1. Could you tell me how many of the residues in the range 5-25 are at pLDDT below 95 and open to solvent by 60 Å² or more (accessible area, probe 1.4 Å)?
2. Read through the list (1) closer than 17 Å to Trp17 by Cα; (2) without any contact (Cβ under 8 Å) to a residue 60 or more places away in the chain, then give the number of the only condition that Thr67 fails.
3. Quick one: Phe46 ticks every box in (1) closer than 26 Å to Ser95 by Cβ; (2) free of Cβ contacts under 8 Å to residues at least 24 places away in the same chain; (3) of a type outside the set (Asp, Glu) bar one, so which box is it?
4. Pick out the one residue from Leu40, Leu90 that is open to solvent by less than 60 Å² (accessible area, probe 1.4 Å) and free of Cβ contacts under 8 Å to residues at least 24 places away in the same chain.
5. Does Phe74 count as farther than 14 Å from Val7 by Cβ, surrounded by 14 or more Cβ atoms within 10 Å (Cβ to Cβ) and not basic (Lys, Arg)?
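The values are calculated or read from the model by the stated rules, or taken from the named source; none is laboratory data. Predicted, not measured: the structure shown is a model, and the values here were computed from it. Glycine also receives a Cβ, built like all others from the backbone with ideal geometry; neighbour counts cover every protein chain displayed. Ligands, DNA and RNA are excluded from the accessible area calculation, which covers all protein heavy atoms including side chains. Shrake-Rupley method; radii C 1.70, N 1.55, O 1.52, S 1.80 Å.
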Amino acid sequence: NISDICVFQYNRTLRVWEVILSGMSEPVRMKRNVNSSMLLDISPDFIQIHQRFIINMNYLVEVSDNTCRFFPPFDGVEHVKVGRFYRQRLISKFSSLCR
């Protein structure tokens, strides 16, 4: 369910995408053939904010010091950074949601 997804993160060591889900203590690994464009095509609520992170905009509260803060149950996720290349796209999408 899309509402259970907060963040997709790329694990460089294992070279796979992982998903942070509500109700799960550890990220869930995805299949090796999954790429970022496949994840972004799942829902328009997903936006890439870093080479390693794709977030669900519905859970984003704020970005401070280039770090994303999320609504509960994902308020403990504090390692998601916004990349320079993706910052402007995030600001545009966030502003359009707030209107």
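1. Residues of the range 5-25 that are at pLDDT below 95, as a first pass: 22-25.
Next, only the ones that are open to solvent by 60 Å² or more (accessible area, probe 1.4 Å) stay: 23-25.
The number of residues fulfilling the criteria is 3.
2. All conditions are met except number (1).
3. Phe46 satisfies every listed condition except (2).
4. Exactly one residue qualifies, and that residue is Leu40.
5. It is false that Phe74 is farther than 14 Å from Val7 by Cβ, surrounded by 14 or more Cβ atoms within 10 Å (Cβ to Cβ) and not basic (Lys, Arg).
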